[in-house]
Amino acid sequence: MGYYNNVNPDLLDRVPINANQVLEVGAGAGQLGEAYLRRNPKAFYHGVEVSVPIAQEACKRLSRVTIGDIESSAVKSEIREIYENRSIDALVLGDVLEHLKDPWAVLRELRALCSSDAVCVACVPNVSHWSLIQEQLAGRWNYVEAGLLDKTHLRFFTLESALNMLSRAGWTVIDAKPRVIWQDKTKIALEVFRPIARSLGIATEVMERNLSAFQWVIRAVNGEKPKQISIAALALKKVAGVNEARIDYPLLALNSLPSIRSSWSSETLKLPSGAPGVVILHRQFLNTPEFNKNIEDLSRKGWIFVSEIDDDPHHWRAYVESDFYAFRAVHAVTVSCDHLAAQIRPWNPNVAVFRNEVFELPVLKDKLLDANPAERPVRIFFGALNRQNDWMSVFGGIEKAALELK
């Protein structure tokens, strides 16, 4: 049961967060779908699972579950019926293509049920992994219960053959991310194989890419490759969850879209590869000549600069002393509420409000939830850092109201 409850975080992060209709083939017990629905509760998440008892577990978590083999005529018929009047926005295939007799046909047939801009996200084991090369050098190819040589695998793929499979089925590949495990062992193995690659005329970077990936998480689209948008952010150093709400969560959500390439850090500005795009400066004062020169140089190259602020700028001495240059010198400003927007507009008319929101719904695991409601303690959270003088005077009333509602 453990395998069927796994959630591949790299796969999850590449499922578009705005998909309305998601189909996952090989849904297991529904844990990946449940994790996605915490991010996008409005989605219809449909799973296909061949194991009956495992599929029954998935029924508790997903919008709908089809029990059976994706290559069977009965399952194909049911799926065609479900998507007769709607289209699949995201197709998810985690560790399933290697189990199919004809994965090319499955990818092609499901693509026909997808929207014109649908995304396919697949995780494929890498038969080029260094551990298998090492075993073959010793003359071994032993099937196991789980892993790269799982005895139930019918197909084996390198990155090249996996990409070719998707292309032959009509999908347009966007990117492929390597999943690297056993970091220390991998580093040692690459040192051993590096001189071999050189002696065979194989580029070192190609060898390292092919041998280090345990699995490939591949993303493709139904249609033409979308125009790429680059987004970079330089955030405030981590404090009290501020970065998460204003930078980490929004950019993680945007990164799930196939058209976005984003990178962010609280240490230094890291620009993603590709054409100039947008740079977000989170609570940056723009009060040092060297930093400002770098910003001006990037601006001349075509980068758009946005200041992000979610606090009263008068609270920060550096903003006041620079006459709020951080807002006047950029193309636009983003804020968390209408009140801040009104404050910022005299310095920059291009202001957009993006309210704070959670990235995903929390998992309720508290044993007290099973208790009689009358016996549960009242818990009150007031999320305002360093605002005791504001909330202490109203806390008694909030507590009284909560007890009365209980």
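A few comments on the model shown:
- Taking S131, S307 and ordering them by how much accessible surface each has at a 1.4 Å probe, largest first, produces S131, S307.
- Taking all Cα pairs closer than 8 Å and separated by 6 or more residues, the relative contact order of region 33-124 comes to 23 percent.
- Cα shape, region 1-138, gyration tensor, a/c 1.5 rule: prolate
- Accessible area of H282 in the full protein assembly, 1.4 Å probe (Å², nearest 10): 0
- Folded to 0 to 90 degrees: helix 183-199 orientation relative to the chain principal axis, Cα: 60
- Choice from A197, A112, A169 with maximal GNM fluctuation in the chain (Cα, 10 Å cutoff): A197
- Separation of region 45-102 and region 210-250, taken as the distance between their Cα centroids, equals 28 angstrom.
- Within region 266-329, the proportion of Cα pairs with more than 20 Å between them is 28 percent.
- Length available on full extension from S167 to W104: 0.36 nm per residue minus the Cα-Cα distance, which gives 21.8 nm.
- Nearest-20 debye value, region 138-255 charge dipole, Cβ charges on Lys, Arg, Asp, Glu: 60
- Of the residues G396, G30, G47, the one that moves most in a GNM of the chain with alpha-carbon contacts below 10 Å is G396.
- Dipole of the chain computed with +1 at Lys/Arg Cβ and -1 at Asp/Glu Cβ about the Cα centre; of Q183, N20, V242, farthest Cα towards the positive end is Q183.
- For the chain, the convex hull spanned by the alpha carbon atoms encloses 208 Å³ per residue.
- Shape analysis of region 164-302 based on the Cα gyration tensor places the equivalent ellipsoid semi-axes at 33, 22, 17 Å, largest first.
- For L252, L137, L107, the ranking by accessible surface with the largest value first comes to L137, L252, L107, using a 1.4 Å probe.
- Ranking R179, R198 from most to least accessible surface, computed with a 1.4 Å probe over the protein chains only, gives R198, R179.
- About its Cα centre, the dipole of region 171-210 is roughly 80 debye, where the only charges are +1 on Lys and Arg Cβ and -1 on Asp and Glu Cβ.
- Cα-Cα over 21 Å, subset of K270/K301; K238/K301; K187/K270; K270/K293: K238/K301; K187/K270
- Using only side-chain charges placed at the Cβ, +1 for Lys and Arg and -1 for Asp and Glu, the dipole size of region 25-154 relative to its Cα centre rounds to 340 debye.
- Computed over the Cα atoms of region 124-200, pair by distinct pair, the Kirkwood hydrodynamic radius stands at 14.4 angstrom.
- Remark: the Cα gyration tensor places region 233-292 in the oblate category, a/c being 1.5 or greater and a/b not exceeding b/c.
- Cα convex hull of region 170-247, projected area averaged across orientations, nm²: 9.1
- Electrostatic tally near S73: other residues with Cβ closer than 14 Å to its Cβ, Lys and Arg +1, Asp and Glu -1, net -3.
- Gain on full extension, evaluated as 0.36 nm per residue between R355 and S322 minus their Cα-Cα distance, stands at 9.2 nm.
- More than 11 Å apart - percent of Cα-Cα pairs taken over region 111-155: 74
- When nucleic acids and ligands are ignored and a 1.4 Å probe is applied, E191 ends up with an accessible area of around 110 Å².
- Among N20, N287, N386: highest mean-square fluctuation, GNM of the chain, C-alpha pairs under 10 Å: N386
- Additional length obtainable on full extension of the chain from S73 to N20, 0.36 nm per residue less Cα span: 16.5 nm
- Placed amide H near V65: partners under 5 Å, 5+ positions off or other chain: G47
- Region 47-97 has equivalent-ellipsoid semi-axes of 17, 13, 12 Å, by the square roots of 5 times the alpha carbon gyration tensor eigenvalues, sorted largest first.
- R328 accessible area, 1.4 Å probe, all protein chains in place, Å² to nearest 10: 110
The values are calculated or read from the model by the stated rules, or taken from the named source; none is laboratory data. As the structure is a prediction and not an experimental result, all values here were calculated from the model. Please note: Cβ atoms are built from the backbone with ideal geometry, for glycine as well, and neighbour counts cover all protein chains shown. Note: accessible area is taken over every heavy atom of the protein model, side chains too, but ligands, DNA and RNA are not part of it. Shrake-Rupley method; radii C 1.70, N 1.55, O 1.52, S 1.80 Å.
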